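Beneath this line is the structure, given in structure tokens, with notes to follow.
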Amino acid sequence: MTSTQTRTYQVRTYGCAMNVHDSERLSGLLEGAGMVPVAEGETADVVVFNTCAVRENADNKLYANLGQLLPSKKVNPNMQIAVGGCLAQKDKAVILKKAPWVDAVFGTHNIGSLPALLERARYNQEAQVEIVESLEAFPSSLPTKRDSAYSALVSISVGCNNTCTFCIVPSLRGKERDRRPGEILAEIEALVSEGVIEITLLGQNVNSYGVEFGDKGAFAKLLRAAGQIEGLERIRFTSPHPAAFTDDVIEAMAETPNVMPQLHMPLQSGNDKVLKDMRRSYRRDKFLGIIDKVNKAIPDAAISTDIIVGFPGETEEEFLDTVKMVEEARFSVCYTFQYSKRPGTPAADLPDQISKEVVQERFERLLAVANKIAWEENQKQVGKTVEVLVANDGRKDDATGRLTGRARDNRLVHFSLPEGVKRPRPGDLATVTVSEAGPYHLIADPKTSSEITIRRTIGGDAFERLNDEAETKRVALSITPVK
Ligand code: SF4
């Protein structure tokens, strides 16, 4: 503890972008309760695990981490440990049985109750468990401590109405609940007024947005409306679902300049029988049809995907259909996962569960094909001029001293600065020409100032302002600087 009163906190996040956003709210709640982020390398007074339940080893990882914290808790009896997120929603009080030194367990629908649960646990000297089965209120009204000054996650819906047989999310996050468009647009306007220039619209299934208030075209309308917001440079979204991916969304992407030419759309398998067993409610041709339409409407779009290898019953031929699909679709990035049996999902009870060895072998084969294609697609970017949203100004950890950021199609770009060019800030935009391509990134080494354009943005201003404020606060609190 740095001073007698000020408690430090740490939020450890596992899983998807929804969890990352929930963790920003957990940090906001703890700072609202007067706590400060712990310095790197130190053990916090309050440690919160925001857990994921998608993969089998998620449980093992959590209990291993909780075990590692027990000695610190013995040293610091004021220390508190809380567990939230999907695994807490699934396991509830089981967590206390397995780790009785945990002080609070809360679910995915009541993250707002964390500070009260910690207070109650401290006051009653007794662990608190509070899990609710459905969302009372959208967590968007909770205080948020964003990780970035110029980029923000904005949730448009929670939960999912689909029933993919391998997925545990609907049973933990509930049926889809949609925020009203006006509320979302107001939040985006408020974020832009704070200096945010890039937003990512979040939902388990963004393109079924509006189902709750009966407007099938609501997502495309939301993209267009957000596109009108002055000062907003970049709009991204995750995750769409192929089954509900409609032409109006492609048109909205193509006709709204600040909607980025990037689409991450989970395929999961390239074989129709496996897609049927997964209950993914689309087939190969529909998926390829969408890819085709997107490539025609947005020629420079980068399309990435998720694929599960080794789903129960998947034969070698069916696996090869997936490999062929990856070769045909030519994804910019292909996130490949080994099937993970999740108790409580229909797929867990399917016959013909495939051995780990066969799954591992298929996984490696598909990864090799996907990475080769990703690199070939990256090589097509050489010579192209790209606009990069600077994320890291290269002073801290890039051995080459290159700066790093994301292009409009979300490709990672490392770029150097020619002699005499002023270093842009994180949040500024730099336009450079790609000179080299790696498997997962692009490189740009402009030689003279005429080969690079830097545009200072309100995002860069926000980064500078918050950096100065944090420095003032650190000095005031005279605690070790947080790296
Ligand atoms: S769409 Fe399927 S995989 Fe995605 S969250 Fe919903 S049930 Fe899970």
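The values are calculated or read from the model by the stated rules, or taken from the named source; none is laboratory data. Keep in mind that what you see is a predicted model, and the values were worked out from it rather than measured. For neighbour counting, all protein chains shown are included, and Cβ atoms are generated from backbone atoms with ideal geometry for every residue, glycine included. Heavy atoms of the whole protein, side chains included, go into the accessibility calculation; ligands, DNA and RNA do not. Shrake-Rupley method; radii C 1.70, N 1.55, O 1.52, S 1.80 Å.
Observations on the model:
- Selection of GluC sites (Glu not before Pro), the stretch 13-70, meeting DSSP coil and at most 12 other Cβ within 10 Å: E40
- Positive contributions from Lys and Arg (+1) and negative ones from Asp and Glu (-1), summed over other residues with Cβ under 14 Å from the Cβ of E327, come out at +1.
- Charge dipole (Cα centre; +1 on Lys/Arg Cβ, -1 on Asp/Glu Cβ; no other charges) of the chain amounts to roughly 620 debye.
- Accessible area of the stretch 8-130 divided out per residue, in Å², using a probe of 1.4 angstrom: 40
- Computed E for T448/L367 - FRET, C-beta separation, R0 51 angstrom, nearest 0.05: 0.80
- Unit charges at the beta carbon, dipole of the chain: most positive-side option, A244, A190, V294: A190
- Positive-end residue of V388, A430, S171, charge dipole of the chain with Cβ unit charges: S171
- Amide H contacts of F49: R12, A82, V83, G84, each under 5 Å away and 5 or more positions distant or on a separate chain (H built 1.01 Å from N in the peptide plane; Pro and chain starts excluded).
- Accessible area of the stretch 385-467 belonging to carbon and sulfur atoms, whole % at 1.4 Å probe: 50
- Percent antiparallel among DSSP beta bridges (both partners in the chain, rounded to 5): 30
- Counted by Cβ distance under 11 Å from L429, the other residues give a net charge of +2, where Lys and Arg count +1 and Asp and Glu count -1.
- Dipole size of the stretch 142-379 about its Cα centre, with +1 on Lys/Arg Cβ and -1 on Asp/Glu Cβ: approximately 520 debye, rounded to the nearest 20.
- Listed residue (Q338, S269, V11) projecting farthest to the positive dipole end of the chain, Cβ model: V11
- For the stretch 195-273 versus the stretch 407-483, the spacing of their alpha-carbon centroids is 27 Å.
- Calculated [θ] (222 nm, deg cm²/dmol) that DSSP helices of n ≥ 4 give over the chain, each run adding -39,500 (n - 2.57): -11000 deg cm²/dmol
- Cα centroid of the stretch 1-67 to Cα centroid of the stretch 292-339, whole Å: 34
- Heavy-atom accessible surface of the stretch 142-379, averaged per residue, reaches 40 Å², computed with a 1.4 Å probe.
- For the stretch 8-130, the share of accessible area belonging to carbon and sulfur comes to 52 percent (1.4 Å probe, ligands and nucleic acids excluded).
- With contacts taken as Cα pairs under 8 Å at a separation of at least 6 residues, the chain carries a relative contact order of 11 percent.
- Cα-Cα over 31 Å, subset of K145/K286; K296/K384; K145/K296; K74/K175; K92/K175: K145/K286; K145/K296; K74/K175
- Accessible surface for I354 stands near 40 Å², nearest 10, in the context of the full protein assembly shown (1.4 Å probe).
- Any cysteine of the chain lacking a neighbouring Cys Cβ under 4.7 Å - listed by number: C16, C52, C86, C160, C334
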